[in-house]
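Step one of this worksheet: look at the structure below.
The values are calculated or read from the model by the stated rules, or taken from the named source; none is laboratory data. Everything numeric in this text was worked out from a predicted model, so none of it was measured. Here Cβ is always computed from backbone atoms with ideal geometry, including for glycine, and neighbour counts include all displayed protein chains. Only protein heavy atoms, including side chains, enter the accessible area calculation; ligands, DNA and RNA are left aside. Shrake-Rupley method; radii C 1.70, N 1.55, O 1.52, S 1.80 Å.
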Amino acid sequence: QVQFVESGGGLVQPGGSLRLSCVASGSMFSVSAMGWYRQAPGKQRELVASISTVGVTNYADSVKGRFTISRDNAKNTVYLQMNSLKPEDTAVYYCKPTVGFLGYWGQGTQVTVSS
């Protein structure tokens, strides 16, 4: 069974940085475009960044220029480098492929941006 395990969240002050990691089990990682999603309290889950199998990236306007998504297929891992964090980035962050896996969500990792 394929799983995606997120880590790296925490409490950070505004303007700070965090690096999230997501490790995938199974052999399908290298052939899947991957996305980082987030859900803030009282809001719908949204896609914040995605990366194709060959490294083409896309970002939500709200994080463009501050977040960087990358992947290491040898390690079955996708990363999200988050810089210049803002209180509105506070959310639970999840990763999964951008296609399929309907209804699947891992445990996520909590990011809290607060002074």
Next item on the list: Averaging sequence separations of C-alpha pairs under 8 Å and six or more residues apart, then dividing by the length of the chain, give the relative contact order as a whole percent.
Entry: 36
Notebook entry, point to check: Across segment 89-100, in residue order, what do the Karplus-derived ³J(HN,Hα) couplings come to in whole Hz, using 6.51 cos²θ - 1.76 cosθ + 1.60 with θ = phi - 60° and x for Gly and Pro?
Noted result: 7, 4, 4, 8, 9, 10, 10, 5, x, 7, 10, x
Notebook entry, point to check: If you take the beta carbon distance between TYR104 and ASN73 as r and set R0 to 25 Å, what does 1/(1 + (r/R0)^6) give as a FRET efficiency, to the nearest 0.05?
Noted result: 0.75
Margin query: Could you sort LYS43, LYS86 by their accessible area in this structure, using a 1.4 Å probe and putting the largest first?
Written below: LYS43, LYS86
Checklist line | Per residue accessible area of the chain, 1.4 Å probe, in Å² | finding: 52
Notebook entry, point to check: In segment 47-115, carbon and sulfur make up what percent of the accessible area (probe 1.4 Å)?
Noted result: 52
Note to self: At 1.4 Å probe size, put ARG71, ARG38, ARG45 in order of accessible surface, largest to smallest.
What the structure shows: ARG45, ARG71, ARG38
Next item on the list: With label points built 7 Å along Cα→Cβ from the Cα atoms of VAL56 and GLN81, find their separation and express it in nm.
Entry: 2.3
Margin query: Looking at the chain, identify the longest residue range that excludes and avoids all chymotrypsin sites (Phe, Trp or Tyr not before Pro) in DSSP loops having at most 16 other Cβ atoms within 10 Å.
Written below: 1-100
Margin query: Given Cα positions, please report Rg to Rh for the chain, the hydrodynamic radius being the Kirkwood one.
Written below: 0.94
